[in-house]
Amino acid sequence: MPKVSVLLADGFEEIEAVTIIDVLRRAEIEVVTLGVEGLDVMGAHGISIRADRKLADAKSEDWDMVILPGGLPGAHTLRDNPAVQELLRTQHDRKRPVAAICAAPIVLAKAGVLEGRQATSYPGCANELFGARISDDRVVIDGDVITSRGPGTALEFSLALVERLTGRATASRLREGMLVATP
């Protein structure tokens, strides 16, 4: 069973975080939410989530994928956190996938993960995707980097993550069971 981490910082986008966590768990992927600043994390719209663990207690673990929900100021906190940057660089060096949605691709850019890759983000954040070739596609997969645009693309993004981690059959089964239109 794949094991992934979803990093949460105060100001995360709730639709994105909960959709990612829910869809991946439906696919029987082990999802560990990591609070960057503590266990109790407040979303951008006042919804609080209790993370499974603190990043400080799990940063040396081996993840099949590291996933970053967007939202502000959460994405800025992730971008500016040295432990997050170290985790992303380690993940990238191990040639393991990283994924980010909405404003969170700016975190990948700071870590140098987007250099020479195609990526997308929330429209107002594209100017911070240093080194990337910008796309307006809803979900972009370039090697071990998966990016997406925002809350309205969270379900497509999550299903793309499932497909990457477990295969097309599982993603198709979930898509059908959740009544998601086929792209």
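We did not get these values from a lab; they are worked out from the coordinates using the rules stated. Computed from a predicted model, the values in this text were never measured in an experiment. Cβ: placed from backbone, ideal geometry, glycine included. Neighbour counts: every protein chain shown.
For residues that are in contact with a Gly (Cβ under 8 Å, 6 or more places away or on another chain) and closer than 24 Å to T166 by Cα, scanning just segment 1-25, find the one that is surrounded by the fewest Cβ atoms within 10 Å (Cβ to Cβ). Show your work before the answer.
Taking segment 1-25 as the starting set, the residues that turn out to be in contact with a Gly (Cβ under 8 Å, 6 or more places away or on another chain) are 8-14, 16-17.
Narrowing further to those that are closer than 24 Å to T166 by Cα: 8, 16-17.
Values: L8: 31, E16: 32, A17: 27.
Going through the qualifying residues, I end up with A17.
Would you tally the residues in segment 114-125 being of a type outside the set (D, E), over 17 Å from E16 (Cβ atoms) and surrounded by fewer than 22 Cβ atoms within 10 Å (Cβ to Cβ)? Please lay out each step first, then the result.
As a first pass, look at segment 114-125 and keep what is of a type outside the set (D, E): 114, 116-125.
This time we only want the ones that are over 17 Å from E16 (Cβ atoms), so: 114, 116-118.
Next cut, surrounded by fewer than 22 Cβ atoms within 10 Å (Cβ to Cβ) only: 116-118.
So the answer is 3.
Residue under question is L34, and the condition is that it be assigned to a strand (DSSP E or B) and crowded, with 22+ Cβ neighbours inside 10 Å; does it hold? Show your work before the answer.
Values: assigned to a strand (DSSP E or B): yes; crowded, with 22+ Cβ neighbours inside 10 Å: yes.
Yes, satisfied.
Considering only residues that are of a type in the set (K, R) and surrounded by fewer than 21 Cβ atoms within 10 Å (Cβ to Cβ), look in segment 39-89 and name the one that is nearest to G11 (Cα to Cα). Can you show your working first?
First pass over segment 39-89, keeping only residues of a type in the set (K, R): 50, 53-54, 59, 79, 89.
Next, only the ones that are surrounded by fewer than 21 Cβ atoms within 10 Å (Cβ to Cβ) stay: 50, 53-54, 59, 89.
Working: R50: 13, R53: 18, K54: 16, K59: 21, R89: 23 Å.
My answer is R50.
It is to be established whether one or more residues within segment 83-93 are assigned to a helix (DSSP H, G or I), in contact (Cβ under 8 Å) with a residue 60 or more places away in the chain and within 20 Å of A154 (Cα to Cα).
Within segment 83-93 (the criterion being assigned to a helix (DSSP H, G or I), in contact (Cβ under 8 Å) with a residue 60 or more places away in the chain and within 20 Å of A154 (Cα to Cα)), the answer is no, since none of the residues qualifies.
Go through segment 37-82 and count every residue that is acidic (D, E) and assigned to a helix (DSSP H, G or I).
Initial filter on segment 37-82 (acidic (D, E)): 37, 40, 52, 57, 61-62, 64, 80.
Then keep just the ones that are assigned to a helix (DSSP H, G or I); that gives 57, 80.
Result for segment 37-82: 2.
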